[in-house]
Amino acid sequence: MQMDKVCVIFYEGEGDQVEDCLSIVIKVLNDAKVIYSIVSRDKVVSTARLAQYDIIITVGGDGTLLGVCHYVSGQIVIGVNSNLEKSVGGLCVANKLNFKEIFNDIIGLKLYPLELVRIKVSSDTLLVGHSACNDIMLVKKNKMGLLTLEVNFGCLKEQFKCTSLIISTPCGSTGIIRDFGGEKIGIKCSYLQWLATGLWNMNRGEYLLASGILKAAEKIYILSPDHDIAVFIDGNYCSFSLAKGMQLSVELSLEKIKLVSSFDMEKRRHMIDLLCRKRDLNPQGKSGRF
């Protein structure tokens, strides 16, 4: 793999851990005579900021990688976990101990990018300029009480009350949606799942649109006739509000994320999932579970 235009993006919040890891990454790039730029994560605020690069290397954890991926458009992403003690780093292919070896495997075409589906989110008045890699969650804006939602899918339309609605990619299917009964999806699959949590049944039987599968070329439309909605994208890394009556549309993004991963990513994913549950590492919102 050619390393022509490389951008190294790091998270400043971890202090010495990130600095140590960043210095190792820079040394490896210098030794390989790769031309690169270094950018702090908080400076990445648009796809235009990264448009000139072919390769993105993130130094931090899964949070750094997810935050950057909102603004990635076609580039190959290589995640480097800078804190092995605090971060699961399930989406990161390397760490400061093995980055040189992983880098050489990438150059030698022993590791390849894995294309993962993303969620495209838009609304009546706002086109969100990035896609979700893990999941999106809709809750009542003040986070108290039930949220009234109207869901439209195909020729079906249904209204119900719930505490939240989660829409997940295969990558995010071992996260919060699974804790509420969602299915774990193979990471190479090309569809989304959605699930309403905390449903208020009103004694009228099963709902048709409280859960489902979203495939390519399909859309789901969501609005709340009664409440303002808070929309969270990949946890707390991005969020916005939707006024009552405003419609949100969700679909598979046409552009996948190209993430360099090891050949045994599915096995690692399973082991990390078991580890997180065993240690009870904040299952509702732990971005490292993929």
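The values are calculated or read from the model by the stated rules, or taken from the named source; none is laboratory data. Every value quoted in this text rests on a predicted model; they were computed, and no experiment measured them. A quick note on method: Cβ atoms are made from the backbone with ideal geometry, for glycine too, and the neighbour counts reach across all protein chains shown.
So the values come out like this:
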quantity	calculated
Scope segment 162-195; condition touching a residue at least 60 places away in the same chain (Cβ under 8 Å), within 15 Å of VAL250 (Cα to Cα) and assigned to a loop (DSSP other than H, G, I, E, B); matching residues	SER190, TYR191
Exclusive hit being at pLDDT below 90, touching a Gly at 6+ places or on another chain (Cβ under 8 Å) and outside any helix (DSSP H, G or I), set ASN236, ASN282	ASN236
Residue in segment 132-151 that is under 23 Å from the mean Cα position of the chain (by Cα), at pLDDT below 90, of a type outside the set (Phe, Trp, Tyr) and within 30 Å of VAL59 (Cβ to Cβ) present	no
Any chance GLY63 is small (Gly, Ala, Ser), in a helix (DSSP H, G or I) and buried (at least 19 other Cβ atoms within 10 Å of the Cβ)	yes
Conditions (1) modelled with pLDDT under 95; (2) within 23 Å of PHE180 (Cβ to Cβ); (3) not basic (Lys, Arg); (4) not in a helix (DSSP H, G or I); number of the one not met by ILE213	(1)
Residue count, segment 165-180 (criterion: touching a Leu at 6+ places or on another chain (Cβ under 7 Å) and small (Gly, Ala, Ser))	1
Check on ILE57, more than 30 Å from SER241 (Cβ to Cβ), touching a Pro at 6+ places or on another chain (Cβ under 9 Å) and outside the structural domain of LYS188 (by TED's automatic domain parsing)	no
Whichever residue in segment 160-201 is among the basic types (Lys, Arg) and within 24 Å of CYS69 (Cα to Cα) and, among such residues, is surrounded by the most Cβ atoms within 10 Å (Cβ to Cβ)	ARG178
Filter result for ASP105 (farther than 18 Å from GLY235 by Cβ, of a type in the set (D, E, K, R), without any contact (Cβ under 8 Å) to a residue 40 or more places away in the chain and surrounded by fewer than 24 Cβ atoms within 10 Å (Cβ to Cβ))	yes
Number of positions in segment 10-50 that are modelled with pLDDT of 95 or more, β-branched (Val, Ile, Thr) and closer than 16 Å to LYS100 by Cα	4
Count of segment 167-194 residues which are of a type in the set (Gly, Ala, Ser) and more than 14 Å from the chain's Cα centre (by Cα)	4
Lone unmet requirement of (1) in contact with a strand residue (DSSP E or B) (Cβ under 7 Å, 6 or more places away or on another chain); (2) crowded, with 18+ Cβ neighbours inside 10 Å; (3) not in a helix (DSSP H, G or I) for GLY90	(1)
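For (1) in contact (Cβ under 8 Å) with a residue 12 or more places away in the chain; (2) closer than 22 Å to PRO113 by Cα; (3) polar (S, T, N, Q); (4) in contact with a strand residue (DSSP E or B) (Cβ under 6 Å, 6 or more places away or on another chain), each residue gets a yes or a no:
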{"position": "ILE26", "(1), (2), (3), (4)": "yes, yes, no, no"}
{"position": "VAL34", "(1), (2), (3), (4)": "yes, yes, no, yes"}
{"position": "SER37", "(1), (2), (3), (4)": "yes, yes, yes, yes"}
{"position": "LYS43", "(1), (2), (3), (4)": "no, no, no, no"}
{"position": "ALA51", "(1), (2), (3), (4)": "yes, yes, no, no"}
{"position": "ILE56", "(1), (2), (3), (4)": "yes, yes, no, yes"}
{"position": "THR64", "(1), (2), (3), (4)": "yes, yes, yes, yes"}
{"position": "VAL77", "(1), (2), (3), (4)": "yes, yes, no, yes"}
{"position": "ASN81", "(1), (2), (3), (4)": "yes, yes, yes, yes"}
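For every residue, the table says whether it meets (1) over 16 Å from ALA132 (Cα atoms); (2) assigned by TED's automatic domain parsing to the domain that holds ASN236; (3) modelled with pLDDT under 90.
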{"site": "GLN52", "(1), (2), (3)": "yes, no, no"}
{"site": "LEU65", "(1), (2), (3)": "no, no, no"}
{"site": "GLY79", "(1), (2), (3)": "yes, no, no"}
{"site": "LEU84", "(1), (2), (3)": "yes, no, yes"}
{"site": "GLY89", "(1), (2), (3)": "yes, no, yes"}
{"site": "ASN104", "(1), (2), (3)": "yes, no, no"}
{"site": "ILE107", "(1), (2), (3)": "yes, no, yes"}
